[in-house]
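This report concerns only the one structure given below.
The values are calculated or read from the model by the stated rules, or taken from the named source; none is laboratory data. Since the model is a prediction, treat every value here as computed from it, not as a measurement. Every residue, glycine as well, gets a Cβ built from its backbone with ideal geometry; the counts of neighbours run over all protein chains shown. Note: accessible area is taken over every heavy atom of the protein model, side chains too, but ligands, DNA and RNA are not part of it. Shrake-Rupley method; radii C 1.70, N 1.55, O 1.52, S 1.80 Å.
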Amino acid sequence: MMISRQLLLTYLYLLIYICLSSGVILFNKWVLSPKYFKFPFPITLTMIHMSFSGVVAFFLVRVFKVVAPVKMTFQIYATSVIPISAFFASSLWFGNTAYLYISVAFIQMLKALMPVATFIMAVLCGTDKLRRDLFLNMVLVSVGVVVSSYGEIHFNVIGTLYQVTGIVAEALRLVLTQVLLQKKGLTLNPITSLYYIAPCSFIFLFGPWYLLEKPEMDISPIQFNYWIFFSNALAAFALNISIFLVIGRTGAVTVRVAGVLKDWILIALSTIIFPESTITSLNIIGYAVALSGVVMYNYLKMKDVTAIQLPIDNTADRATKEKKVVNIYKPDSSIDSIDETIVGGVAVGSLATEAAAVDEEAPLIPSSRISHVTRTQTGGLSSR
């Protein structure tokens, strides 16, 4: 009975994640669309998300002490958090602006380019190697997106450029997170990441908002419904927490699978809620081709992680057995004080962590296992 109850709870978390992720995207489109809520100010909407998440994260960390803050020095904040926040703010800004020009369905199809952009940035930054199998997958994804774009009836160059630019900014953020934070041994969960990154992202967005949107807001009659924006920001914040809960019970792979299901559901729902967005057979064929490349890419990356972890686990087991033998035949109190097995001068624990760090997922800070909460992407505070 306990097992079935736990399984039921896991499915419930997955359902909540799919509903929140789809709901936030459709909600943002509805708010920004000039045909519906008529609030065509994506930077303002993103700033509302950042301010709300920053305030809530502050209370959770400093007042209610739900989670403890990490040891953040000024050097780490200046050299790591600030550039990551800049790209995070850019990805949300450009991604939300795309809603003004292209449909939700086509945006989801363009998001299939995310692994391509991340792979290219990782190779350029030296965190990944240019491999033939991964490169062929990226070509397959790119061809699928091109076919899908060709079949788009309401194709808009400006909206497509905004979305692709947002994808590139998100890819840079993900790579910088791995290079600047993970290499320093700093792991942030969704709450602490919002605590540090959201205020900084808000500041980065203030300049573009002041130059681009404030003058238009001063002269344009706009409706500012506090309940609408509060519920929108709350849903975006809840999405990050739901991903954290899902990964804590299942894993990043399950979230990826749920994300694929969510994308198809979202494309179907968007055509019902927003009738002006039409899907053609060429759209579907192109997206299916791109998605097959994404699935294969995820499989190859997970295969790499497994290949690295298995030898380490086997070596650690052998070392543990040898340690027990030594303890039996040659007792030595110094052996018991060793916290991690050393193999060939390399700490197995840290090596395993590096292997697990290859696995990425959605909204904010990519990490591993239960503290692995981004990409996805992620996205996250995912406004996309």
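Here Ser270, Ser281 are screened, and the one residue that is at pLDDT 90 or above, over 30 Å from Val55 (Cβ atoms) and in contact with a Lys or Arg (Cβ under 9 Å, 6 or more places away or on another chain) is Ser270.
Hey, could you check segment 175-185 for residues that are open to solvent by 10 Å² or more (accessible area, probe 1.4 Å) and either in a helix (DSSP H, G or I) or among the aliphatic types (A, V, I, L, M) (or both) and say which is farthest from Val295 (Cα to Cα)? Applying the filter and picking the extreme gives Lys184. Every condition in (1) farther than 20 Å from Thr97 by Cα; (2) outside any helix (DSSP H, G or I); (3) open to solvent by 10 Å² or more (accessible area, probe 1.4 Å) holds for Leu188 except the one numbered (3). Output the residues belonging to segment 236-254 that are among the small types (Gly, Ala, Ser) and open to solvent by 20 Å² or more (accessible area, probe 1.4 Å). Ala238, Gly248 - these are the residues of segment 236-254 that are among the small types (Gly, Ala, Ser) and open to solvent by 20 Å² or more (accessible area, probe 1.4 Å).
Conditions (1) under 27 Å from Trp30 (Cβ atoms); (2) of a type outside the set (Asp, Glu), marked per residue:
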| position | (1), (2) |
| --- | --- |
| Val141 | no, yes |
| Val164 | yes, yes |
| Ile167 | yes, yes |
| Glu170 | yes, no |
| Thr187 | no, yes |
| Leu194 | yes, yes |
| Phe204 | yes, yes |
| Pro208 | yes, yes |
| Glu216 | yes, no |
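Within segment 64-85, the residues that satisfy the criterion of being crowded, with 20+ Cβ neighbours inside 10 Å and small (Gly, Ala, Ser) are Ser80, Ser85.
Identify, from the list Met138, Met114, Met121, the residue that is farther than 30 Å from Lys35 by Cα, under 16 Å from the mean Cα position of the chain (by Cα) and in a helix (DSSP H, G or I). From the options Met138, Met114, Met121, the qualifying one is Met121.
Apart from one condition, Leu161 fits all of (1) open to solvent by 70 Å² or more (accessible area, probe 1.4 Å); (2) modelled with pLDDT of 95 or more; (3) in contact with a helix residue (DSSP H, G or I) (Cβ under 8 Å, 6 or more places away or on another chain); the exception is (3). Count of segment 255-284 residues, restricted to those that are over 14 Å from Gln108 (Cα atoms), of a type outside the set (S, T, N, Q) and either open to solvent by 50 Å² or more (accessible area, probe 1.4 Å) or assigned to a helix (DSSP H, G or I) (or both), is 9.
Is it the case that Phe230 is within 27 Å of Leu100 (Cα to Cα), open to solvent by 50 Å² or more (accessible area, probe 1.4 Å) and over 22 Å from the mean Cα position of the chain (by Cα)? When the stated conditions are applied, Phe230 passes them.
Within the group Ala169, Ala122, Ala112, which residue is within 20 Å of Leu291 (Cβ to Cβ), of a type outside the set (S, T, N, Q) and buried (at least 17 other Cβ atoms within 10 Å of the Cβ)? Working first, answer last.
Values: Ala169 fails: within 20 Å of Leu291 (Cβ to Cβ); Ala122 fails: within 20 Å of Leu291 (Cβ to Cβ).
Only one candidate passes the filter, namely Ala112.
For segment 160-176, the count of residues that are in contact with a strand residue (DSSP E or B) (Cβ under 8 Å, 6 or more places away or on another chain), under 30 Å from Lys71 (Cβ atoms) and among the hydrophobic types (A, V, I, L, M, F, W, C) is nonzero.
Whether a residue is modelled with pLDDT of 90 or more, assigned to a helix (DSSP H, G or I) and open to solvent by 60 Å² or more (accessible area, probe 1.4 Å) was assessed, and Val146 passes this test.
Pairs please, first residue from segment 259-281 and more than 19 Å from Leu239 (Cα to Cα), second anywhere and open to solvent by 30 Å² or more (accessible area, probe 1.4 Å) and not in a helix (DSSP H, G or I), Cβ atoms under 7 Å, 6+ apart in sequence or on different chains. If the second residue must be open to solvent by 30 Å² or more (accessible area, probe 1.4 Å) and not in a helix (DSSP H, G or I), the pairs left are Thr271/Ile279; Thr278/Ile153; Thr280/Ile153. Looking across segment 210-224, the residues that are open to solvent by 50 Å² or more (accessible area, probe 1.4 Å) and either at pLDDT 90 or above or under 24 Å from the mean Cα position of the chain (by Cα) (or both) come down to Tyr210, Leu211, Leu212, Lys214, Pro215, Glu216.
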